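Q: I have a structure I would like to understand better, so I am pasting it below and will then ask my questions one at a time.
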Amino acid sequence: MRLILVGPPGAGKGTQAKFLSRHYGIPHISTGDIFRANVAAQTPLGLEAKRHMDGGNLVPDEITIAMVRDRLSEGDTSGGFLLDGFPRTLAQAAALDSMLVEMDTPLDAVLEFQVDDEEVVIRLAGRRTCQKCGHIWHVKFDPPAEEGVCDLCGGELIQRDDDRPETIRRRLEVYEEQTSPLVDYYAKAGLLVSISASASVEEVTDRAVEALSA
Ligand code: AP5
């Protein structure tokens, strides 16, 4: 399965990607996670990415495309992959099309998560991410047993720098302006599968698996 997840910030892409990558046995490739790992390691890529991420803006296409090209060339993608957060612009989508032609591996589907802005703001404001294992929690919708501590590995839970209210607003604008045109792009390519992501995590997983098997 070669799958793309698209949807606004906070739609639940990362949460569902963890289930779906296990379900289909494919690697989860999140450009946001790769950028954040580089920010934490203070690599030149991370320092450049941070300038854009902190303002809620996209990292420039040429940097992002080169990074994804490298990642897709790794051996674990030969049986498929799940792209979470890429592509995010029409230029990235066109570059991905070329990469997949070179790899002779067409996409199977693009799964769109639909959720309204008010819900997104509530989800992002309460998101906490484990610094150690990356598990995503929510203070209200999916709280850990002990505040600030990951149930799965005991790691410390942190709030992402770009989950501040003003940055969330900017990320939503950027999604509308630069990423939402991809919905039409993939609909025209006959690849788009859309589901409502306004439901419990388990219900959204069921909807996703059902929609992808239809
Ligand atoms: P990225 O990390 O991709 O962020 P995003 O797309 O804004 O998405 P999020 O991770 O914020 O949300 P999500 O949809 O994964 O939701 P989650 O599952 O965590 O990108 C960050 C930045 O990196 C970008 O702004 C940009 O600067 C840069 N970047 C990344 N890719 C790029 C690209 N291709 N080009 C250029 N720049 C790029 O869920 C959110 C919360 O809701 C959690 O707390 C979760 O527990 C909760 N939740 C999830 N599902 C449910 C549910 N069904 N019910 C209730 N709560 C739920």
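The values are calculated or read from the model by the stated rules, or taken from the named source; none is laboratory data. Just so it is clear, the model here is predicted, and its values are computed rather than measured. Every residue, glycine as well, gets a Cβ built from its backbone with ideal geometry; the counts of neighbours run over all protein chains shown. Quick note on the areas: whole protein, heavy atoms, side chains included, nothing else; ligands and nucleic acids left out. Shrake-Rupley method; radii C 1.70, N 1.55, O 1.52, S 1.80 Å.
Q: Say whether the condition of being more than 14 Å from the ligand (Cβ to nearest atom) and more than 24 Å from residue 167 (Cβ to Cβ) is met by at least one residue in the stretch 118-131.
A: The answer is no; no qualifying residue exists.
Q: Under the condition of being of a type in the set (S, T, N, Q) and within 10 Å of the ligand (Cβ to nearest atom), which residue from the stretch 56-74 is most open to solvent (accessible area, probe 1.4 Å)?
A: Step by step, filter the stretch 56-74, then rank; the result is 57.
Q: Right, something else. Are any residues in the stretch 75-121 open to solvent by less than 50 Å² (accessible area, probe 1.4 Å) and in a loop (DSSP other than H, G, I, E, B), and if so, which ones?
A: Once the filter is applied, which keeps residues that are open to solvent by less than 50 Å² (accessible area, probe 1.4 Å) and in a loop (DSSP other than H, G, I, E, B), the stretch 75-121 yields 80, 85, 86, 87, 89, 105, 107, 115.
Q: Separate question: If a residue has to be at negative phi, of a type outside the set (D, E, K, R) and out of contact with any helix residue (DSSP H, G or I) (no Cβ under 7 Å at 6 or more places or on another chain) to count, how many in the stretch 166-195 make the cut? Before you say what the answer is, go through the steps one by one.
A: Initially, the stretch 166-195 is screened for residues at negative phi, giving 166-189, 191-195.
In the following step, the residues that additionally are of a type outside the set (D, E, K, R) were identified as 167-168, 172, 174-175, 178-183, 185-187, 189, 191-195.
From what is left, the residues that are out of contact with any helix residue (DSSP H, G or I) (no Cβ under 7 Å at 6 or more places or on another chain) are 167, 174-175, 178-180, 183, 186-187, 189, 191, 194.
Final tally of qualifying residues: 12.
Q: If you go through the stretch 109-131 one residue at a time, do you hit one that is over 18 Å from the mean Cα position of the chain (by Cα) and acidic (Asp, Glu)?
A: Among the residues of the stretch 109-131, at least one is over 18 Å from the mean Cα position of the chain (by Cα) and acidic (Asp, Glu), which makes the answer yes.
Q: Any residue in the stretch 173-189 that is touching a residue at least 40 places away in the same chain (Cβ under 8 Å) sitting within a Cβ distance under 9 Å of a residue that is among the hydroxyl-bearing types (Ser, Thr, Tyr) and surrounded by 14 or more Cβ atoms within 10 Å (Cβ to Cβ)? List the pairs, counting only those 6 or more apart or interchain.
A: 178/89; 179/89; 181/89; 182/89; 183/194
Q: Inside the stretch 8-29, can you point out the residues that are small (Gly, Ala, Ser) and open to solvent by 10 Å² or more (accessible area, probe 1.4 Å)?
A: Hits for the stretch 8-29 are 10, 12, 14, 21, 25.
Q: Residue by residue through the stretch 35-54, note down the ones that are in contact (Cβ under 8 Å) with a residue 24 or more places away in the chain and more than 8 Å from the ligand (Cβ to nearest atom).
A: Matches in the stretch 35-54: 54 only.
Q: Right, here's the next one. Quickly run through the stretch 38-55 and pick out the residues that are in a helix (DSSP H, G or I) and open to solvent by less than 60 Å² (accessible area, probe 1.4 Å).
A: 38, 39, 45, 46, 48, 49, 52, 53
Q: Shifting gears a bit: Which residues, taken from the stretch 122-136, are open to solvent by 20 Å² or more (accessible area, probe 1.4 Å), in contact with a strand residue (DSSP E or B) (Cβ under 7 Å, 6 or more places away or on another chain), not charged (D, E, K, R) and not in a strand (DSSP E or B)?
A: Selection gives 131 alone.
Q: On to the next question. Going through 66, 109, 94 one at a time, which residue ends up being farther than 18 Å from residue 45 by Cβ, of a type outside the set (D, E, K, R) and free of Cβ contacts under 8 Å to residues at least 24 places away in the same chain?
A: Unique residue meeting the criteria: 94.
Q: Next question, about the same structure. Only one of (1) at pLDDT 95 or above; (2) of a type in the set (Ser, Thr, Tyr); (3) over 18 Å from residue 86 (Cα atoms) is not met by residue 167, so which one is it?
A: The one condition residue 167 does not meet is (1).
Q: What is the one condition in (1) within 19 Å of residue 132 (Cβ to Cβ); (2) open to solvent by 30 Å² or more (accessible area, probe 1.4 Å) that residue 144 does not satisfy?
A: Of everything listed in (1) within 19 Å of residue 132 (Cβ to Cβ); (2) open to solvent by 30 Å² or more (accessible area, probe 1.4 Å), residue 144 misses just condition (2).
Q: Over 26 Å from residue 192 (Cβ atoms), of a type outside the set (A, V, I, L, M) and either near the ligand (Cβ under 7 Å from one of its atoms) or without any contact (Cβ under 8 Å) to a residue 40 or more places away in the chain (or both): is that true of residue 13 in this structure? Before you say what the answer is, go through the steps one by one.
A: On the way: over 26 Å from residue 192 (Cβ atoms): no; of a type outside the set (A, V, I, L, M): yes; either near the ligand (Cβ under 7 Å from one of its atoms) or without any contact (Cβ under 8 Å) to a residue 40 or more places away in the chain (or both): yes.
No: the conditions fail for residue 13.
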